[in-house]
Amino acid sequence: APPRYRYYQNVCTQSYSFAWWDWARWEREIDWMALSGINLAPAFAGQEAAWQRVYRSLGLNQSEIDAYFTGPAFLAWNRMGNLHGWAGPLPPAWHLKQLYLQYRIVERMRSLGMITVLPAFAGHVPQGVLRVFPRVNATRLGGWSHFDCTYSCTYLLDPEDPMFQVIGTLFLKELIKEFGTDHIYSADTFNEMTPLSSDPAYLSRVSNAVFRSMTGADPEALWLMQGWLFQHQPDFWQPAQVRALLHGVPLGRMIVLDLFAESKPVYQWTESFYGQPFIWCMLHNFGGNHGLFGTVEAINHGPFVARRFPNSTMVGTGLVPEGIEQNDMVYELMNELGWRQEPLDLPSWVTRYAERRYGAPNAAAARAWQLLLRSVYNCTGVCVNHNRSPLVRRPSLRMDTELWYNASDVYEAWRLLLGAGRELGSSPTFRYDLVDVTRQAAQQLVSDFYLGIRAAFQSHALPELLAAGGVLVYDLLPELDSLLSSHSLFLLGRWLESARAVATSDREAEQYELNARNQVTLWGPSGNILDYANKQLGGLVLDYYGVRWSLFVSALVESLNSGSPFHQEQFNQAVFQVERGFVYNQKHYPAVPAGDTLEISRKLFLKYYP
């Protein structure tokens, strides 16, 4: 392989995808990593157990620790200093199970020749540290992402306070004693958090302190840092600030992940990270959303352009999606590019991909993939893949229905795949793709019905409003729900079941299920990051998105009937009760699929193919 590293995982994946995994699921993932040639990846499980030991040795009591850790579905943001306490605390059994997993994860990764990345101290501390050490110099950061200080506003220890080195080194020594080390550590001090000062000297001192706390425990330490902050807050991170932060660490002792390089590469405006090595990463997915999406041209050329950049310090390629189990093709392509010397011929690659994926050549399937390649998978310019389809967003009269591709290509791919069903129907990968493409077509249809509903409302046409709203709420959404319910990978029940399976008591099971439900819907106590992690799952479409749409259509009908205007604010308050009600409804959702995928897709096709 041309570059040294092929990296995989995003800090957020730990919560959006891996939160409830057992060893069997981890083992499959690590095998897939090995088969894909991944040789550098985080091993982040079990770190809270180590932190708990460190906090207790420092003199914190259990209630102070419990007030700090979030619930399992939100730990990624606790680790980055964005949140504390939300959906927690962590039961003792959680720590034990995660430790046990971590032993097996690092053992298996190393046995397959991978370099494990362990977490390090980034400077965030529980409030209890201020009680035990009243004279430490810690500053309270601001709120994060619509959260107020109830669950946000973490304390950041001043990097020049002697306690910074004490805590950082204690934690790493604890981890190394427990799991051994491959000498690469991850820490993100300012993920989506503005530093206290833009003075370059201050920023250099911060990064130097973080690095020293690593070398205090391991003289050979290398710091792996996400480069997300530089493109997320470009107004703050001007060239002088970026250079100062990067040069606080000796050249070559830091590796930066250029996290969103397919859309917003940072290496180009930082002279290749001012001499620090970097990995060209494809982020691709936010929140683990479903929705066909890719930037195939950008990833097919980007890594090679970066390698030829003047004085390039690129040392690898990476896959850093926030959530997995979607758009397999894009990840297979990116993995393959890590082994190539030049770009691929994409149309011929995708034909071979379809054949490999279904285990047999099929002209209709190959044609379908050509259409998907040139449409949904070919977003150009600055593409941010958050699924904003009206299907998965809180209804309003100002919803975004724009597409970056030609919708008819997806309808035609759907027709072709259905035609290939006779020959390929026994292939599990084919059935998965058929669900996914049918789901995408249905998602497009929801937008069409929404536009019909909105136009009817705005022209006061009650019969048209009732017709479009009725078909959407009483037929299309239930049909989509039954399609998703026919495949195990599209079941809400599977996500909830996996959360409950980790528990060792009924009380834990209830807490974990609430964590799992909240993450994919409200994301916070009051819809703080509402629908950020939206998924299209059987059960969720009917009882969450469907109920919202039903309420919206009723509100519009009521408005036309009574002649009073539709108030979005009032509707938002009413619909929040529905959303919150779903999180707490205690309804059991099956974890086993029902119905025949091909039949349900064909039925949808006969009714709705435009």
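Is the range 65-215 best put as rounded, prolate or oblate by its Cα gyration tensor, with a ≥ b ≥ c the root eigenvalues, rounded for a/c under 1.5, and otherwise prolate when a/b is larger than b/c, oblate when not? Verdict is oblate for the range 65-215. Summing Cβ point charges (Lys, Arg +1; Asp, Glu -1) relative to the Cα centre of the range 387-608 gives a dipole of roughly 60 debye. Of the peptides 450-457, 91-98, the ranking by mean beta-carbon count within 10 Å, highest at the top, reads 450-457, 91-98.
Please report the antiparallel percentage of DSSP beta bridges with both residues in the chain, rounded to the nearest 5. Counting only bridges with both partners in the chain, antiparallel ones make up about 20 percent.
Leaving out ligands, DNA and RNA, and with a 1.4 Å probe, what % of the accessible surface on the range 387-608 is carbon or sulfur? Summing carbon and sulfur atoms, their accessible area is 54 percent of the total for the range 387-608.
Ellipticity at 222 nm from helices only: DSSP H runs of n ≥ 4 in the chain, each -39500 (n - 2.57), divided by the residue count, give -15500 deg cm²/dmol. With all protein chains kept in place, the per residue accessible area of the chain amounts to 37 square angstrom at a probe of 1.4 angstrom. Taking the chain as a whole, the Cys residues whose C-beta sits 4.7 Å or farther from every other Cys C-beta are C12, C281.
Of the solvent-accessible surface of the range 202-315, computed with a 1.4 Å probe over protein heavy atoms with every protein chain present, carbon and sulfur atoms account for 54 percent. How would the range 387-608 be classified by its alpha-carbon gyration tensor: rounded, prolate or oblate, with rounded meaning a/c under 1.5 and the a/b versus b/c comparison settling the rest? Note, shape of the range 387-608 comes out oblate. Report note on the peptides 340-347, 464-471, 18-25: ranked by the mean count of other C-beta atoms within 10 Å, highest first, their order is 464-471, 18-25, 340-347. Magnitude of the charge dipole for the chain, about its Cα centre and with charges confined to Cβ atoms of Lys, Arg (+1) and Asp, Glu (-1), is about 520 debye. Per residue, the average separation of C-alpha pairs within less than 8 Å and at least 6 apart gives the range 5-338 a relative contact order of 18 percent. The order of the peptides 54-64, 536-546, 31-41 by mean Cβ neighbours within 10 Å, most packed first, is 536-546, 31-41, 54-64. Projecting the Cα atoms of A201, Q458, P162 onto the charge dipole of the chain (Cβ charges, centred on the Cα centre) puts P162 farthest toward the positive pole.
Counting only protein heavy atoms and a probe of 1.4 Å, the accessible surface of the range 125-187 is 52% carbon and sulfur. This structure gives semi-axes √(5λ) of the Cα gyration tensor in Å, computed directly, and of (i) 41, 30, 23; (ii) 74, 25, 22; (iii) 49, 28, 22 that value is listed as (i). Note on the chain: Lys pairs 8 or more places apart or on different chains, Cα atoms under 24 Å apart, count 4.
Could you please state, rounded to a whole Å, how far the C-alpha centre of the range 559-610 is from the C-alpha centre of the range 255-286? One Cα centre to the other: 39 Å.
Note on the chain: dipole from Cβ charges, positive end direction compared against V210, H124, S564; the farthest Cα belongs to V210. In percent, rounded to a whole number, the relative contact order of the chain is 13, using alpha-carbon pairs under 8 Å and six or more apart. Report the Cα centroid-to-centroid distance between the range 480-550 and the range 317-355 in angstrom, as an integer. So the two Cα centres are separated by 29 Å.
The values are calculated or read from the model by the stated rules, or taken from the named source; none is laboratory data. For clarity, every value in this text was computed on a predicted model and none was experimentally measured. We place every Cβ from the backbone using ideal geometry, glycine too, and count neighbours over all the protein chains shown. Note: accessible area is taken over every heavy atom of the protein model, side chains too, but ligands, DNA and RNA are not part of it. Shrake-Rupley method; radii C 1.70, N 1.55, O 1.52, S 1.80 Å.
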